[in-house]
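Step one of this worksheet: look at the structure below.
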Ligand code: PCA
């Protein structure tokens with residue numbers, strides 16, 4: 001079972017991105033039975049997709065799990081859907097700020113995650129770590145990479161599974177944003193490892209009611 005795990009470089013003036021800190025360590029620690037390749041993506045619209053596609057072509061993973069920072073969130077969020085729009089509230093790391101532009105002209109409005117999202121939520125919660133399904137990956141580079149990878153896999157007829165997981169700030173970041181939530185790197189890593197192991201089982205998703213009213 002081959003798993004491509006991606007994290008992002010820091011953006012928005014941060015010194016680190018917890019997604020890459022977690023991915024890097026998971027790659028070093030190893031998970032039994034899984035061949036994990038890690039990749040640090042530029043926080044740049046389009047460019048991140050190109051870099052990921054290159055590695056997918058060479059490594060041929062069964063599963064692609066992208067991790068990204070969602071500063072201010074209080075739980076690990078398993079994204080349900082990626083939508084066909086770039087709408088950047090801030091510039092990316094190369095100064096691009098697309099507004100209301102499609103990611104793929106004429107492409108589908110959205111792609112569902114092909115990870116078993118509710119199984120991943122359950123697995124993370126069973127570790128004692130807050131997690132939930134998120135119904136919006138935003139309209140920045142994380143939504144861009146999720147849509148881009150799913151669009152590439154669909155276009156090539158590759159049936160690898162793929163999706164995105166958003167993680168909170170680390171405490172050392174959150175001290176600069178009073179009132180915002182954070183999660184320790186150790187906790188994030190434990191949660192992500194539980195998610196990775198569950199995704200690797202390649203079982204059907206569960207569907208307990210866990211929707212949001214608003
Ligand atoms: N989070 C951003 C992009 C890179 C990252 O780690 C996002 O949520 O779009």
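The values are calculated or read from the model by the stated rules, or taken from the named source; none is laboratory data. Bear in mind that the values here come from a model prediction, so they are computed numbers and not experimental data. Positions of Cβ are generated from backbone atoms using ideal geometry, with glycine treated the same way; all protein chains shown enter the neighbour counts.
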For this session: Taking the residues in the range 14-64 that are in a loop (DSSP other than H, G, I, E, B) and more than 16 Å from the ligand (Cβ to nearest atom) as candidates, determine which candidate is surrounded by the most Cβ atoms within 10 Å (Cβ to Cβ).
Result: 61
Problem set entry | Hey, residue 199 at pLDDT 95 or above and touching a strand residue (DSSP E or B) at 6+ places or on another chain (Cβ under 6 Å) or not | yes
Exercise. Among 145, 129, 124, which is within 15 Å of residue 87 (Cα to Cα), modelled with pLDDT of 95 or more and touching a strand residue (DSSP E or B) at 6+ places or on another chain (Cβ under 9 Å)?
Worked result: 145
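Quick grid of which residues meet (1) in a loop (DSSP other than H, G, I, E, B); (2) away from the ligand (no atom under 16 Å from the Cβ); (3) touching a helix residue (DSSP H, G or I) at 6+ places or on another chain (Cβ under 7 Å):
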site	(1), (2), (3)
89	yes, no, no
95	yes, no, no
98	yes, no, no
104	yes, yes, yes
121	no, yes, no
138	yes, no, no
143	no, no, no
Seminar exercise, completed: The residue that is surrounded by the fewest Cβ atoms within 10 Å (Cβ to Cβ), considering only those in the range 176-195 that are in a helix (DSSP H, G or I) and touching a helix residue (DSSP H, G or I) at 6+ places or on another chain (Cβ under 7 Å), is 185
Exercise. Only one residue in 155, 138 is buried (at least 19 other Cβ atoms within 10 Å of the Cβ) and under 26 Å from residue 96 (Cβ atoms), so which one is that?
Worked result: 138
For this session: Just give me the residues in the range 72-83 being in contact with a helix residue (DSSP H, G or I) (Cβ under 7 Å, 6 or more places away or on another chain), surrounded by fewer than 21 Cβ atoms within 10 Å (Cβ to Cβ) and in contact (Cβ under 8 Å) with a residue 60 or more places away in the chain, in sequence order.
Result: 83
For this session: Could you check residue 182 against (1) over 30 Å from residue 102 (Cα atoms); (2) away from the ligand (no atom under 16 Å from the Cβ); (3) in contact with a strand residue (DSSP E or B) (Cβ under 9 Å, 6 or more places away or on another chain) and say which number it fails?
Result: (2)
Exercise. Residue 187 versus (1) in contact (Cβ under 8 Å) with a residue 12 or more places away in the chain; (2) closer than 25 Å to residue 86 by Cα: which is the lone unmet condition?
Worked result: (2)
For this session: Could you tell me which of the residues 114, 109 is within 13 Å of the chain's Cα centre (by Cα), more than 15 Å from the ligand (Cβ to nearest atom) and surrounded by fewer than 20 Cβ atoms within 10 Å (Cβ to Cβ)?
Result: 114
For this session: Collect the residues in the range 1-13 that are assigned to a loop (DSSP other than H, G, I, E, B) and over 22 Å from residue 167 (Cα atoms), keeping them in residue-number order.
Result: 1
Exercise. If you check residue 73 against the conditions, is it modelled with pLDDT of 95 or more and either closer than 23 Å to residue 3 by Cα or more than 16 Å from the chain's Cα centre (by Cα) (or both)?
Worked result: no
For this session: Please work out which residue is nearest to residue 29 (Cα to Cα), limiting yourself to the range 156-175 and to residues that are within 16 Å of the ligand (Cβ to nearest atom) and part of a loop (DSSP other than H, G, I, E, B).
Result: 170
